[in-house]
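The values are calculated or read from the model by the stated rules, or taken from the named source; none is laboratory data. On a predicted model such as this, the values are computed, not experimentally measured, just so you know. No Cβ is skipped: glycine too gets one built from the backbone with ideal geometry, and neighbour counts run over all protein chains shown.
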Amino acid sequence: MLRDKLRKRLAACKLEMSPSKTKIVYCKDQERTETYPEIGFDFLGYTFRPRKSVTKDGAVSLNFLPAISGKAAKAIRQTVRDWGLKRKTPISLEEIAKRINPVVRLAKWIARKHKRVHGSLAQAFDWLRRIRRTVPGLFAHWDLDYQS
């Protein structure tokens, strides 16, 4: 019944629901303790599900909270693997840090400075990649042999 109501509202906006991607999820937390088959979902690189958290007074409680999704974490690990650090064994740790730190600093600055990325480091890196494709020589460190 809830699904039909949602389908009608979406149809009014000329949108439709994808049955393979759409599911009703129970937001289980401290107050909602029933058992349902679906209690979590992935959205925009985050997995929302019940998680233990510590309250202001130090007590442990169950809340419906986001965290990085497994798929997003896998993508980050693959990006770091693509840097080829294993193949660069003669390079010192200081040299690796010298290559990676400017990229991370710039992405953190963009995440804080620009509202379009909503404080998200992942969105800041995506934005930087798009800029790098359109203006490849904008920053000097982009000429190095690693990917930002």
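Taking the numbered list (1) surrounded by 10 or more Cβ atoms within 10 Å (Cβ to Cβ); (2) under 24 Å from R3 (Cα atoms); (3) not polar (S, T, N, Q) in turn, R51 passes all entries but (2). Scanning region 66-83 for residues that are assigned to a loop (DSSP other than H, G, I, E, B) and under 23 Å from F48 (Cα atoms) returns a single hit, S69.
Pairs are defined by a Cβ separation below 8 Å, a sequence spacing of at least 6 or placement on different chains, a first member in region 1-21 that is among the hydrophobic types (A, V, I, L, M, F, W, C), and a second member that is part of a loop (DSSP other than H, G, I, E, B); the pairs so defined are L2/I24; L6/M17; L10/E16; L10/M17. One residue stands out in region 1-44 among those that are surrounded by 10 or more Cβ atoms within 10 Å (Cβ to Cβ) and among the aromatic types (F, W, Y): the one that is modelled with the highest pLDDT, namely F41.
Sub-8 Å Cβ pairs linking a first residue in region 85-106 that is farther than 24 Å from L128 by Cα to a second residue that is in a helix (DSSP H, G or I) and of a type in the set (A, V, I, L, M), at least 6 apart or interchain, are K88/I96, ordered by first then second residue. Within region 107-142, being within 20 Å of A72 (Cα to Cα), at pLDDT below 80 and in a helix (DSSP H, G or I) holds for R116, V117.
Checking the conditions here, which among R81, R3, R7, R49 is touching a Gly at 6+ places or on another chain (Cβ under 8 Å) and of a type in the set (D, E, K, R)? Criteria check complete, one pass: R49. K14 meets the conditions (1) in contact with an Asp or Glu (Cβ under 8 Å, 6 or more places away or on another chain); (2) on the phi > 0 side of the Ramachandran plot in every case but one. The failed one is (1).
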